[in-house]
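Here is the structure we will look at, set down as structure tokens.
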Amino acid sequence: MFRQAVAAHFSPGPEHKIGVAVSGGGDSLALLHILAEVAAEMPLTLRAVTVDHGLRPDSADEAQTVSRLAAELGIAHDTLTWKTWDGTGNLSAQARRARYDLLSGWALRHSIDQVALGHTADDQAETFLMRLARASGADGLSGMPVRRSHGHVTFVRPLLDQTRAFLRSYLTAKGVVWIDDPTNEDPRYERVRIRKALDQLRPLGLTPQVICETTKNLAAARSTLGWYACAEARQHGRIDAGDVVFSRAGFATLQPEIARRLLQQALVWVAGTEYPPRRRAIALALQAIRAGTGMTLNGCKVAVTGQSIRVFREYSAVQAVVTSPENLWDGRWSLTGPGQPGDKVRALGTDGLSQCPGWREVGRPHGSLVGYPSVWRGDTLLSAPHADFGQGWAATLLRDSDVFFDALLVH
């Protein structure tokens, strides 16, 4: 039954590849062995991968141990090494982001569209308590989703209903020895402190299983809120090239939580950021909208006029972004046209906009247009498609309006 529950997360059909992220700890090793059993009964091909963050002296040896254990199961294994940390910023957050980036790139290179992760009910409960300590809303308290997309790769967590103790019992019965990461006992880490606090809560009935059921209930509520947010966005909002525009009158009728979701998603969609601003910052932006003043947030400008609320890219956020036409500009614009080697794409800016005599006819405000891409040859403006100065060039937005609306259904 346990094996069938894990197998149910992976759709049946023609043979396909599944990636398995394995650190060598009990949870991920259990996942590797379970999927090996599943693959013996289903048309699945497994490939394992370990991310070596290089933060502990034993990490390379542990990756080699995982490679040996995978080979014993007849499973190919790769090790990915993180080498880009410069020693600044939030280490845990950067390591997590790097891990998903590395895993996604690895999966695409091997034509893998699903990667299994070994997160358990204990991990879910710990995540819930960490977010509860930050006064998170329904989205954060819904915990980790079973499925999460990162680029073109889907990460699957098939063990979220299983406890850490159960998985270790499973490995012990098979005679498999796992690696204990010493940082899992280091109280300097928030998750370790939360884990110890969770041990104190168990006698009160606050077990990982109970907390996981709570996250599922909240996820259902989040899904309902997302559906209503998407419906309201389609009624009161539209995409204008790279801007999100809401009817001011329609926005004023929204329930506060729905308005928050629409503004949050607009900021993420325009800026292309992975995570939204914090709830407090969104609350301040909503206050500014109600006051009719607007504000700058997340590299975007929220501007309020008599009829509309427009969210657009702030010029100062892209002022220094310069690429060649064959590369994406600001992570979202592709420009094509009669270029020559050495041409550059950069933000239009005030000087560029002054060279576009028909810009007022396009109906976009000055503050928005200066943050749009334009093509230059030295100091000569060649094209500004969004300011009615195309000159044979076209600008294509990487993410279309459906991406904006559909994202409201899942966030």
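Data for the structure
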| read-out | value |
| --- | --- |
| Residue match in the range 217-231 (condition: more than 21 Å from Arg290 (Cβ to Cβ), under 19 Å from the mean Cα position of the chain (by Cα), assigned to a helix (DSSP H, G or I) and among the basic types (Lys, Arg)) | yes |
| Close pairs (7 angstrom Cβ cut-off, 6 or more residues apart or separate chains): among the hydrophobic types (A, V, I, L, M, F, W, C) in the range 360-377, open to solvent by 10 Å² or more (accessible area, probe 1.4 Å) and modelled with pLDDT under 95 anywhere | Val375/Gly339 |
| Selection from the range 363-411 of residues that are surrounded by fewer than 22 Cβ atoms within 10 Å (Cβ to Cβ), modelled with pLDDT of 95 or more and assigned to a helix (DSSP H, G or I) | His366, Gly367 |
| Top-ranked residue in the range 26-62 [being in a helix (DSSP H, G or I), out of contact with any strand residue (DSSP E or B) (no Cβ under 9 Å at 6 or more places or on another chain) and open to solvent by 30 Å² or more (accessible area, probe 1.4 Å); ranked as modelled with the highest pLDDT] | Glu37 |
| Residues of the range 63-98 classified as modelled with pLDDT under 90, of a type outside the set (S, T, N, Q) and surrounded by 13 or more Cβ atoms within 10 Å (Cβ to Cβ), total | 5 |
| Residues of the range 219-236 that turn out to be open to solvent by less than 50 Å² (accessible area, probe 1.4 Å) and touching a Gly at 6+ places or on another chain (Cβ under 8 Å), as a count | 2 |
| Pick from the range 172-186, criterion farther than 20 Å from Ser67 by Cα and either in a loop (DSSP other than H, G, I, E, B) or of a type in the set (D, E, K, R) (or both), ranking: most open to solvent (accessible area, probe 1.4 Å) | Glu185 |
| Some residue of the range 148-168 being hydrophobic (A, V, I, L, M, F, W, C), at pLDDT 95 or above and farther than 18 Å from Leu29 by Cα | no |
| Cross-chain or 6+ apart pairs with Cβ under 8 Å, the range 10-25 first and more than 16 Å from Leu159 (Cα to Cα) and at pLDDT below 95, then basic (Lys, Arg) and open to solvent by 20 Å² or more (accessible area, probe 1.4 Å) | Lys17/Arg47 |
| Any pair with Cβ under 6 angstrom, 6 or more apart, that starts in the range 294-314 at a residue that is at pLDDT below 95 and ends at one that is surrounded by 21 or more Cβ atoms within 10 Å (Cβ to Cβ) and assigned to a strand (DSSP E or B) | Gly294/Val302 |
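Condition check ((1) out of contact with any Leu (no Cβ under 7 Å at 6 or more places or on another chain); (2) under 22 Å from Val370 (Cα atoms); (3) not β-branched (Val, Ile, Thr)) across all residues:
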{"residue": "Ala229", "(1), (2), (3)": "no, no, yes"}
{"residue": "Arg238", "(1), (2), (3)": "yes, yes, yes"}
{"residue": "Gly242", "(1), (2), (3)": "no, yes, yes"}
{"residue": "Gln255", "(1), (2), (3)": "yes, no, yes"}
{"residue": "Leu267", "(1), (2), (3)": "no, yes, yes"}
{"residue": "Tyr275", "(1), (2), (3)": "yes, no, yes"}
{"residue": "Arg290", "(1), (2), (3)": "yes, no, yes"}
{"residue": "Thr296", "(1), (2), (3)": "yes, yes, no"}
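The values are calculated or read from the model by the stated rules, or taken from the named source; none is laboratory data. It should be emphasised that the depicted structure is a prediction, and the values quoted were computed from it without experimental measurement. No Cβ is skipped: glycine too gets one built from the backbone with ideal geometry, and neighbour counts run over all protein chains shown. These accessible areas exclude ligands, DNA and RNA; they are computed on the full protein's heavy atoms, side chains included. Shrake-Rupley method; radii C 1.70, N 1.55, O 1.52, S 1.80 Å.
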